[in-house]
Amino acid sequence: MADWSPETYLKFEDERTRPARDLLNAVPLAVPSFVVDIGCGPGNSTELLVERFPRARHLGYDTSPAMLAKARARLPGTVFLQADAGSFRPDTPPDLMFANAVFQWLPAHLDLFVRLMEDLAPGGVLAVQMPDNIAEPSHALMREVAASGRWAEKLRSAAREPLPPVRRYYEALKPHCRRLDIWHTIYNHPLADAAAVVEWVRSTGLKPFLDPLDDGERAGFLAAYTARVAEAYPPLQGGGVLLRFPRLFIVATR
């Protein structure tokens with residue numbers, strides 16, 4: 001895929017950072033010495049970690065050079081590395097591994113969570129938030145438009161898989177935890193209109209559908225998708241639309 005766009009992602013920075021803030025509020029640590037932000041993106045989640053734990057050593061890593069450049073400009077005193085969330089292992093056992101909206105992109109993340117628990121320092125915490133919105137209209141319509149247009153073959157495998165059932169996370173992690181919290185939160189984000197919904201997903205869930213297309217196909221896909229989104233998200237009284245966004249949270253203490 002083409003590199004991620006921090007500019008597009010940060011158009012909705014307040015809304016995207018709120019789940020990271022809610023996740024951090026549930027972390028039961030007082031003074032960790034080493035904190036790792038997995039899939040740190042443009043550094044908005046890392047900034048929360050640095051503010052909460054100012055005396056800790058902080059490390060953020062991501063696969064995107066563009067996101068890392070934005071993160072380094074935002075937090076010049078923090079170490080950021082280009083690395084893959086599925087394979088990178090820090091040089092020291094972290095007290096906190098924090099991952100805001102990254103592991104939904106890795107189909108085998110359930111097994112990876114078990115390995116991450118083993119990599120934690122004793123008493124350390126794995127804190128994860130993932131979008132659980134594959135069934136929402138915003139994402140169901142991506143798959144429908146992908147399957148119905150001239151681009152169908154190119155986009156046959158564009159959609160990501162839904163998250164496993166919650167019980168599978170619990171059963172996999174519980175043997176490795178002394179405390180395990182798993183919950184869902186459904187956010188309802190007020191946005192200007194259907195075009196804003198499209199802009200929201202364009203830097204995240206829609207990206208694997210757009211990247212394989214040429215310019216003409218991309219324009220056609222976006223036009224068809226936007227029209228369907230406008231039907232699925234009708235205007236509110238007084239204007240605007242609501243984007244319903246379920247997210248899964250996991251806080252596991254070794």
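For residue 107, state whether it is more than 15 Å from the chain's Cα centre (by Cα), in a loop (DSSP other than H, G, I, E, B) and farther than 22 Å from residue 16 by Cβ.
Numbers: more than 15 Å from the chain's Cα centre (by Cα): no; in a loop (DSSP other than H, G, I, E, B): yes; farther than 22 Å from residue 16 by Cβ: yes.
The answer is no for residue 107.
Could you go through region 61-68 and let me know if any residue there is acidic (Asp, Glu) and farther than 30 Å from residue 214 by Cβ. No, region 61-68 has no match at all. Can you work out which of the residues in region 203-254 that are aromatic (Phe, Trp, Tyr) and not in a loop (DSSP other than H, G, I, E, B) is farthest from the chain's Cα centre (by Cα)? The residue in question is 221. When 10, 24, 110, 106 are screened for being within 23 Å of residue 187 (Cβ to Cβ), of a type in the set (A, V, I, L, M, F, W, C) and touching a Pro at 6+ places or on another chain (Cβ under 8 Å), only 10 passes.
Considering the conditions (1) surrounded by fewer than 16 Cβ atoms within 10 Å (Cβ to Cβ); (2) assigned to a helix (DSSP H, G or I), residue 88 is excluded by exactly one of them, (2). The residues of region 23-51 that are surrounded by 15 or more Cβ atoms within 10 Å (Cβ to Cβ), assigned to a helix (DSSP H, G or I), of a type outside the set (S, T, N, Q) and over 13 Å from the mean Cα position of the chain (by Cα), listed by number, are 24, 47, 48, 49, 50. Among the residues of region 173-200, which ones are part of a strand (DSSP E or B), over 26 Å from residue 226 (Cα atoms), more than 17 Å from the chain's Cα centre (by Cα) and not charged (D, E, K, R)? Answer for region 173-200, where residues must be part of a strand (DSSP E or B), over 26 Å from residue 226 (Cα atoms), more than 17 Å from the chain's Cα centre (by Cα) and not charged (D, E, K, R): just 180.
Each reported figure results from applying straightforward, stated rules to the coordinates on display, with no laboratory input. Computed from a predicted structure; not experimentally measured. Every residue, glycine as well, gets a Cβ built from its backbone with ideal geometry; the counts of neighbours run over all protein chains shown.
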